[in-house]
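This report refers to the structure that appears directly beneath it.
The values are calculated or read from the model by the stated rules, or taken from the named source; none is laboratory data. Fair warning: this is a prediction, and the values are worked out from it, not measured in the lab. FYI the Cβ positions are ideal-geometry reconstructions off the backbone, even for glycines, and counts take in every protein chain you see.
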Amino acid sequence: MKRIGVLTSGGDSPGMNAAVRAVVRCGIDIGMEVYGIQRGYEGLIEGAIKEMDMSSVGDILHKGGTMLRTARSERFKTEEGQKHAINVLSAFGIEGLVVVGGDGSFRGGLDLSERGITVMGLPGTIDNDLGYTDYTIGFDTAVNTVLSAVSNIRDTSSSHERATVIEVMGRHCGDIALHAGLTGGADNILIPERPVDLNQVCKKIIQGKNRGKLHDIIMKAEGVEIDTQELAQQIEDKTGKETRVVILAYLQRGGSPTARDRMLASRMANKAVELLYNDEKSKAIGICGSEIVAYDLKEALEMKRTFDSELYRLADTLSK
Ligand code: ADP
Ligand code: F6P
């Protein structure tokens with residue numbers, strides 16, 4: 001395969017630029033022509049496509065967001081939209097595509113694959129919610145962004161002897177809350193994968209208060225279906241401790257990618273280009289342990305995430 005395209009789609013994540021950069025440079029290095037497609041599937045339908053060269057992706061490795069921009073596209077979900085996308089790709093002579101995005105973007109890639117375009121999916125999402133890979137591109141950076149916020153909140157919560165509920169992203173996955181909660185020393189971690197026991201949460205806070213603990217951090221994943229402000233009020237009513245709310249929201253979607261995310265993105269992109277060059281079938285690229293892996297795209301989408309109950313138990317032990 002000699003001519004490929006790359007696009008970023010869905011919720012953006014730090015490290016997407018590293019992935020795009022590696023697709024372009026690894027592709028050109030083995031004699032491929034690489035085309036950048038702007039604004040995800042919407043831009044594909046519009047033909048917002050231009051050939052990239054080594055310098056097109058200069059000075060982006062350290063930048064969050066995506067230089068190709070991203071978008072959501074309802075019309076791409078239609079038969080007509082996808083047929084149009086296929087026509088655009090064939091007009092440019094593009095035979096294969098690297099799609100950097102989450103599960104929705106992968107499903108779009110699968111549709112293109114079933115219409116004859118080879119698609120390699122790179123897991124670009126902060127949510128870490130794709131079952132076939134240990135980590136997604138952007139997750140590590142998002143966790144570290146939350147960690148720096150925890151440090152600031154810990155300071156002011158201690159000064160005022162307050163509890164703070166920090167709400168983090170992740171859609172229906174609790175990994176950002178679990179990883180940031182454990183490494184940030186949260187006293188309580190609330191995730192959609194486990195039931196919330198408000199009495200237990202408050203008991204821990206009162207125990208801490210009785211032993212002179214000044215602050216409390218309750219890390220809550222957005223997928224936990226309890227209103228965060230109401231939760232804070234209930235905690236305050238039950239414990240007598242002033243409780244505040246911080247919703248980190250889009251802070252977690254930006255920022256300079258960590259070395260780990262830059263490495264992950266670069267290695268995965270290299271694998272995707274290699275597979276396209278060798279005319280392999282559509283795959284989802286992931287990491288298992290320290291090994292970069294590739295699964296059939298359709299099968300990858302069917303793989304369910306396994307919840308790390310061991311890690312959850314450790315987080316609970318450490319927060320006692
Ligand atoms: P993410 O990739 O981060 O999960 P979305 O779920 O918003 O983000 O999906 C991004 C884009 O992928 C959508 O705007 C749409 O164009 C396409 N897409 C999502 N789901 C599907 C689907 N089931 N079939 C075809 N295309 C889809
Ligand atoms: O999928 C990434 C993500 O940031 C989720 O964690 C969050 O729930 C969602 O995107 C927000 O979507 P939007 O950017 O469309 O508001």
One residue is enough: does the stretch 181-199 have a residue meeting the conditions over 19 Å from D308 (Cβ atoms) and either within 14 Å of ligand 2 (Cβ to nearest atom) or under 14 Å from the mean Cα position of the chain (by Cα) (or both)?
no
Yes/no for T164 being among the β-branched types (V, I, T), surrounded by fewer than 20 Cβ atoms within 10 Å (Cβ to Cβ) and not assigned by TED's automatic domain parsing to the domain that holds R21
no
Going residue by residue through the stretch 147-155, is there one that turns out to be within 15 Å of ligand 2 (Cβ to nearest atom) and touching a strand residue (DSSP E or B) at 6+ places or on another chain (Cβ under 8 Å)?
no
Test: residue in the stretch 129-139 that is in the same structural domain as K220 (by TED's automatic domain parsing), surrounded by fewer than 18 Cβ atoms within 10 Å (Cβ to Cβ) and out of contact with any strand residue (DSSP E or B) (no Cβ under 6 Å at 6 or more places or on another chain):
no
Across the stretch 204-226, what is the number of residues that are farther than 21 Å from Q252 by Cα, touching a helix residue (DSSP H, G or I) at 6+ places or on another chain (Cβ under 9 Å) and not in a strand (DSSP E or B)?
6
Residue count, the stretch 241-251 (criterion: in contact with a helix residue (DSSP H, G or I) (Cβ under 8 Å, 6 or more places away or on another chain) and either free of Cβ contacts under 8 Å to residues at least 12 places away in the same chain or not in a loop (DSSP other than H, G, I, E, B) (or both)):
6
Evaluate the following for Q229: is it part of a helix (DSSP H, G or I) and either without any contact (Cβ under 8 Å) to a residue 40 or more places away in the chain or among the aliphatic types (A, V, I, L, M) (or both)?
yes
Scan the stretch 199-213 and give yes if some residue there is buried (at least 18 other Cβ atoms within 10 Å of the Cβ) and of a type in the set (S, T, N, Q), otherwise no.
no
Of all residues in the stretch 89-146 being within 20 Å of M169 (Cα to Cα) and small (G, A, S), the one that is nearest to ligand 2 (Cβ to nearest atom):
G102
Quick check on the stretch 109-136: of everything there that is of a type in the set (G, A, S) and over 16 Å from E302 (Cβ atoms), which residue is nearest to ligand 1 (Cβ to nearest atom)?
G124
If the requirement is being more than 16 Å from ligand 2 (Cβ to nearest atom), among the basic types (K, R) and over 23 Å from D140 (Cβ atoms), which of these qualifies: K83, K63?
K83
Return the residue satisfying two criteria in turn: it lies in the stretch 79-105 and is farther than 23 Å from M52 by Cα and either touching a helix residue (DSSP H, G or I) at 6+ places or on another chain (Cβ under 9 Å) or touching a residue at least 40 places away in the same chain (Cβ under 8 Å) (or both), and of such residues it is surrounded by the most Cβ atoms within 10 Å (Cβ to Cβ).
G102
Some residue of the stretch 296-315 being without any contact (Cβ under 8 Å) to a residue 60 or more places away in the chain, under 16 Å from the mean Cα position of the chain (by Cα), surrounded by fewer than 18 Cβ atoms within 10 Å (Cβ to Cβ) and assigned to a helix (DSSP H, G or I)
no
Total residues in the stretch 66-80, condition away from ligand 2 (no atom under 16 Å from the Cβ) and β-branched (V, I, T):
1
Given the conditions (1) part of a strand (DSSP E or B); (2) away from ligand 1 (no atom under 16 Å from the Cβ); (3) touching a residue at least 40 places away in the same chain (Cβ under 8 Å), report the number of the one that G27 does not fulfil.
(1)
Find all pairs meeting these conditions: Cβ atoms under 6 angstrom apart; at least six residues apart or on different chains; first residue within the stretch 164-186 and of a type in the set (D, E); second residue within 15 Å of ligand 1 (Cβ to nearest atom).
E167/E222; D175/N128
If the requirement is being touching a His at 6+ places or on another chain (Cβ under 7 Å) and more than 13 Å from ligand 1 (Cβ to nearest atom), which of these qualifies: V88, V143, V98?
V143
Testing R72 on (1) surrounded by 15 or more Cβ atoms within 10 Å (Cβ to Cβ); (2) at pLDDT 95 or above; (3) closer than 26 Å to Y135 by Cβ, one condition comes back false. Which one is that?
(2)
